[in-house]
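The structure appears right after this line, and notes come after that.
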Amino acid sequence: MISVEDWALIRRLVADGVPQRQVARDLGIGRSTVERALASDRPPRYERPAVATAFTPFEPLVRQLLTEHPDMPATVIAERVGWDASITWFRDNVRRLRPDYRPVDPADRLVWLPGDAAQCDLWFPPRKIPLEDGTRTLLPVLVITCAHSRFMLGRMIPTRSTADLLLGMWELLQQLGRVPRRLIWDNETGIGRGKRHAEGVGAFTGTLATTLVRLKPYDPESKGVVERRNGFFETSFMPGRTFESPADFDAQLTDWLAIANARTVRTIKARPRDRLEADRAAMLPLPPAPPALGWVNRVRLGRDYYVRVDSSDYSVDPALIGRFVDVHADLATVEVRHDGRLVAAHDRVWARGQTITDPAHVTAAKVLRDQFQRPATGPGPDPHDGLGRDLADYDRAFGLIDDALDGALNVAVDGGADGEVA
């Protein structure tokens with residue numbers, strides 16, 4: 001077989017008018033080789049003829065399994081068909097066959113118009129954050145990226161519950177100062193599953209007059225803008241940093257985002273902060289009244305005078321025991337009210353299973369407990385108010401006193417009462 005260079009030279013010489021016989025003589029090849037080079041429209045390529053291998057008898061069984069289960073791992077296929085030779089070579093052959101059975105999922109290139117959409121996601125920094133009780137845990141960070149400008153916002157939240165997700169979104173939208181026309185989420189449990197949004201999400205988006213779009217499963221490309229930012233955070237923000245608390249994390253992230261939003265993004269060839277104004281101009285204004293958000297509950301205060309928010313308990317004025325109180329919590333505070341009057345206020349703790357007590361509530365509970373255990377002693381019954389009873393009545397009823405003595409006792413009692421008999 002001739003080389004690609006000879007193939008090209010033969011075609012050029014013949015095109016220049018050199019006879020084929022002379023080309024064959026000058027290059028030292030046969031005339032039939034020259035003819036085949038002129039007849040071929042592709043450069044010559046060595047192709048090894050197909051021969052039977054050890055995998056050949058197993059190929060029909062492998063194809064049958066791939067027809068029913070296109071994503072079955074190669075190791076499982078090897079076990080099912082009884083393969084006991086090199087697993088690496090078996091994987092190579094399965095990898096060659098698998099595209100014939102796996103459905104194709106093309107990804108379109110999306111164009112994001114100004115103000116049209118913001119992509120939302122949860123990023124879990126690979127570092128545990130210290131909490132109030134001294135423990136450390138991985139906490140989620142709510143991230144919003146404006147799709148047109150690539151402007152990024154983020155803050156840490158205590159849980160993935162719906163209440164905290166909506167509180168975090170509202171805080172970031174307030175920082176943005178406008179509302180994108182679409183908020184794009186994946187199938188986060190706190191946002192919704194299946195065909196329905198989580199409770200409270202519809203009211204939130206209705207107040208903002210925006211639309212929340214939840215992507216179908218297996219569609220990460222439609223949220224690729226914010227997904228790539230998560231990797232950017234881990235490679236550019238996290239290295240070399242330590243954090244003392246969630247508040248310290250938010251402070252460092254905010255400072256870093258100011259720098260990151262001033263960097264040129266390769267895909268848009270511009271800095272996010274330079275395109276932000278055009279993005280915001282096409283967005284919706286913030287609602288005139290803030291949406292009703294947070295942890296909200298109405299409970300009857302029990303004898304232990306504590307209410308629960310998330311997984312922690314907070315004390316309340318014990319004077320409200322037995323009455324209904326309204327509990328409201330956001331990302332930073334917990335407030336309890338009775339008939340609109342504030343009866344307890346605490347900083348919200350992010351650690352799990354904590355008990356938060358106001359010393360004034362303990363003091364008030366001690367006073368109330370002492371009053372309950374030592375009730376005030378009142379005056380005895382008045383014998384002349386018609387409610388008292390003379391003990392002599394019982395003696396007469398059982399015949400323990402005669403009439404003469406009874407009369408004498410009556411005189412003595414009456415006289416003593418009137419002050420006439422000594």
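The values are calculated or read from the model by the stated rules, or taken from the named source; none is laboratory data. Note that the structure is a prediction, hence the values are computed from the model and not measured. Quick reminder, even Gly has a Cβ in these numbers, built from the backbone with ideal geometry, and neighbours come from all protein chains shown. The protein model used for the area step is the full one, side chains on, heavy atoms only, and it has no ligands, DNA or RNA in it. Shrake-Rupley method; radii C 1.70, N 1.55, O 1.52, S 1.80 Å.
Could you say which residue among D274, D250, D255 is within 28 Å of K128 (Cα to Cα), open to solvent by 40 Å² or more (accessible area, probe 1.4 Å) and either part of a helix (DSSP H, G or I) or without any contact (Cβ under 8 Å) to a residue 60 or more places away in the chain (or both)?
Values: D274 fails: within 28 Å of K128 (Cα to Cα); D250 fails: open to solvent by 40 Å² or more (accessible area, probe 1.4 Å).
Only one candidate passes the filter, namely D255.
Please work out which residue is nearest to A85 (Cα to Cα), limiting yourself to the range 1-46 and to residues that are more than 60 Å from the chain's Cα centre (by Cα) and touching a residue at least 40 places away in the same chain (Cβ under 8 Å). Spell out the reasoning first.
First, pick out the residues of the range 1-46 that are more than 60 Å from the chain's Cα centre (by Cα): 1-3, 5-40.
Next, from what is left, pick out any that are touching a residue at least 40 places away in the same chain (Cβ under 8 Å): 1-3.
Numbers: M1: 35, I2: 38, S3: 37 Å.
Per the criteria, the residue is M1.
Residue under question is L183, and the condition is that it be assigned to a strand (DSSP E or B), within 17 Å of the chain's Cα centre (by Cα) and modelled with pLDDT of 95 or more; does it hold?
Details: assigned to a strand (DSSP E or B): yes; within 17 Å of the chain's Cα centre (by Cα): yes; modelled with pLDDT of 95 or more: yes.
Yes, satisfied.
Might you let me know whether the range 304-319 holds any residue that is more than 30 Å from L139 (Cα to Cα), open to solvent by less than 60 Å² (accessible area, probe 1.4 Å), free of Cβ contacts under 8 Å to residues at least 24 places away in the same chain and more than 20 Å from the chain's Cα centre (by Cα)?
No, the range 304-319 has no match at all.
Residue-by-condition table, conditions (1) in a loop (DSSP other than H, G, I, E, B); (2) in contact (Cβ under 8 Å) with a residue 12 or more places away in the chain; (3) within 30 Å of P180 (Cα to Cα):
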| site | (1), (2), (3) |
| --- | --- |
| R48 | yes, no, no |
| P60 | no, no, no |
| R98 | no, yes, no |
| P106 | yes, no, yes |
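Residue by residue, here is whether (1) in a strand (DSSP E or B); (2) closer than 23 Å to L284 by Cα holds:
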site: E132; (1), (2): no, no
site: R155; (1), (2): yes, yes
site: R160; (1), (2): no, no
site: L172; (1), (2): no, yes
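The rows are residues; the columns are (1) crowded, with 17+ Cβ neighbours inside 10 Å; (2) among the small types (G, A, S); (3) touching an Asp or Glu at 6+ places or on another chain (Cβ under 6 Å); (4) farther than 16 Å from W170 by Cβ.
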position: I184; (1), (2), (3), (4): yes, no, no, yes
position: I191; (1), (2), (3), (4): yes, no, no, no
position: T205; (1), (2), (3), (4): yes, no, no, no
position: L208; (1), (2), (3), (4): yes, no, no, no
position: S222; (1), (2), (3), (4): yes, yes, no, yes
position: E234; (1), (2), (3), (4): no, no, no, yes
